[in-house]
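Here is the structure we will look at, set down as structure tokens.
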Amino acid sequence: MRCTVATSDLVGTLNVLRRDKAARLYSYPVSLDVAKGQACLRGGGGVTAVILPAVDVEEGRVVVEWQLLRGVLALDSLKNPTCSLVLEDAVCILSFEHGQLRLPVVPVKEWYPDLPDLGECLARTAISGDLLTQVCRALVPYAAAQNYPVPSYRGVLFSWEGGALTLWATDGFRLSRLLVPLQQGERLDSPLVVNIPASGLVLANRYFPHGKSISLAIYREDSVLQWNNVVLTLPSLPKPSIDYQSLVAVDMPQRWSVKRRDLSQAVEILAPLLPLDTPLRLVADSAGLRLSGITTTTFGSYTIPYTRLRDKSSKIAFNTKYLQTMLASWDCEQVVIQTKNETSPAQFLPDGDENRCVVIMPVYIAWP
């Protein structure tokens, strides 16, 4: 294997791959693939790839230890404009104008099996880096953990239909929805649904710049995000069997509005007084919206003003942690709360915006 690449490209590549440390992928070696006039450096077990233009190419592949390759960044010889990579006798030689760096290699198959053919591309569109940030803030916290036994709950569901992109995330107890109107170049010719791992979207948000257009190619079993020469391949998760839309298209006879600041303050005051498994009770009546928590040893209560949008009293209880997570991700002025009864899912709308919605399952308690 032999190729010559620009040293600045190599340094930039290692800086990108170094970000894998935040995702605990830094223990993987770095794979160098040379083919078709390009050198492809792949980190994180093959999840992240950066493509470099190369000359003097002989095809092949080699894998070197990440910690050793990272030492390249400290070499004075990197002031040279180009770097030659040669594989000889199980050693990777990086040659500069004034010296060489010799790196031992490790077995390729052990870390990087041959990547499967992605097959036919089902659709190709573009999303913004700002949307990735919004997804990580408004949806990822509602997805289930990596070891959750239901794979479909570990991702963020992307659903393209008409002129809008609807995103969903759930862990089985709460649901978050974000509806994004699409520009002309972002729309798809036919409806499409793909479930992308939430952890992969967090990784993409670290790699890709905000405010830039990111290419998204969807295949039968994978989704590929790309900006310039940075490529991130994410496996598609099974699609959920639940119709998410049916959970938000429910008539809610009880509807009231509170200031987010007041509600957040009340929750933060009461939360330390309650064990994690103690529900927070919400009672809306003529006196105000009363939040309270009761245990065998403690009792806490806090009343805040609210506006009744539909003339009916209401009472319901929620997991305190769920309310904290939701309020921390919003920066709105008002929160509209819609309920049907104390045993049915409740909807929370920031500023009454129908495009953003959180559905939380209540906690069943014996009301006096």
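Derivation of every value follows stated rules applied to the coordinates shown; laboratory data play no part. All values derive from a computational prediction rather than experimental measurement. Positions of Cβ are backbone-derived with ideal geometry, glycine not excepted, and every protein chain shown enters the neighbour counts.
Expressed as a fraction of 2.2 N^0.38 Å, the C-alpha radius of gyration for region 121-245 is 0.97.
Suppose every K and R has +1 on its Cβ and every D and E has -1 on its Cβ; what is the size of the dipole of region 250-360 about the Cα centre, in Debye to the nearest 20?
Values: 13 positive and 12 negative charges, 47 e Å.
With Lys and Arg at +1 and Asp and Glu at -1, about 220 debye.
Between Asp285 and Glu120, how high is the FRET efficiency from 1/(1 + (r/R0)^6) when r is the Cβ-Cβ distance and R₀ = 56 Å? Nearest 0.05. Don't skip to the end; give the middle numbers.
On the way: r = 59 Å, r/R0 = 1.05.
Calculated value: 0.45.
Run through region 272-368 and list the chymotrypsin sites (Phe, Trp or Tyr not before Pro) located in a DSSP loop whose Cβ has at most 11 other Cβ atoms within 10 Å. The partial results should precede the final answer.
Numbers: sites: Phe299, Tyr302, Tyr306, Phe318, Tyr322, Trp330, Phe348, Tyr364; in loops: Tyr306, Trp330, Tyr364.
Passing sites in region 272-368 are Tyr364.
Does region 320-368 come out rounded, prolate or oblate by the C-alpha gyration tensor, with a ≥ b ≥ c the root eigenvalues, rounded set by a/c under 1.5 and, if not, prolate when a/b is larger than b/c and oblate if not? Judged from the Cα gyration tensor, region 320-368 comes out prolate (a/c at least 1.5, a/b above b/c). Computed from backbone phi, the HN-Hα couplings of region 130-136 come to 5, 5, 4, 5, 5, 5, 5 Hz, rounded to whole numbers (Karplus: 6.51 cos²θ - 1.76 cosθ + 1.60, θ = phi - 60°; Gly and Pro given as x).
Legend: calculated FRET efficiency, Trp367 to Phe173, from the Cβ-Cβ distance at R0 = 30 Å, rounded to 0.05, equals 0.90. Compared with the alpha-carbon gap, the fully stretched path from Arg308 to Glu221 is longer by 26.6 nm at 0.36 nm per residue.
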